[in-house]
Amino acid sequence: MLACDFFHVDCVLTLKRIYVFFVLEVGSRYVHVLGTTTNPDGRWTTQQIRNLVLDLGDRLDGLRFLIRDRAGQFAASFDAVLADVGIEAIRIPPRSPQANCYAERFVLTTRTELTDRMLILNERHLRAVLAEYVRHYNGRRPDRSRELRPPRPTHPAADLNFQRIKRQRLLGGLINEYERAV
């Protein structure tokens, strides 16, 4: 199952609102940031989901549903792209964001860990910061629903009992990653 949504970030220099479109694989909690834009219309959103379908390739076989809200950015062509690969788009009821709780939780996590603590200068800066954060989120950040394992671990979990630990600072110290010191 997939869940998708938008969240926005306000740019400091251009005073524009930048929208981030993402898809979350619910079972593994793996996140795909599909794109950023100041004008998320139906054509743009449809193209982003086409790109995701091409990127996922054979992994689409295990996916049957995509949960989304009723926003105007999701055109009929968006649902048609998903239907062509056998994924049913499920729209949540009006005014009930809790029905898309997995996507909303990622939005809250991203806001509290990243965008509320950092001034975003422009769209390019936002893309660079999001790329680093999503790399951390998918590869190193512990997830409580997965017994403190990240979606796709890039390093073994550090045993904090007997060995020295090395800290690596990301995004200017906003996020820390830990591993065994050698």
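Here, each number is a calculation from the coordinates, and none is a lab measurement. Please read all numbers here as calculations on a predicted model, not as lab measurements. As a convention, Cβ positions derive from the backbone with ideal geometry for all residues, glycine included, and neighbour counts pool all protein chains shown.
Residues whose amide H falls under 5 Å from that of GLY35, counting only those 5 or more places apart or on a different chain, are PHE21, with hydrogens built in the peptide plane. Per residue, the average separation of C-alpha pairs within less than 8 Å and at least 6 apart gives the chain a relative contact order of 19 percent. Considering only LEU60, LEU15, LEU119, the Gaussian network model of the chain with Cα springs below 10 Å gives its largest mean-square fluctuation to LEU15. Bridges between two residues of the range 10-104, per DSSP, are antiparallel at a rate of about 65%.
Across the options ALA71, LEU121, VAL23, the greatest Cα extent toward the positive end of the charge dipole of the chain (unit charges at beta carbon of Lys, Arg, Asp, Glu) belongs to LEU121. Placing a label point 7 Å from the Cα of VAL53 along the Cα-to-Cβ line, the residues of the range 1-40 whose backbone N sits under 20 Å from it are 1-6, 21-26, 32-36. Just checking the listed ones, ASP58, ASP41, ASP116: in the Gaussian network model of the chain with Cα springs under 10 Å, the one fluctuating most is ASP58.
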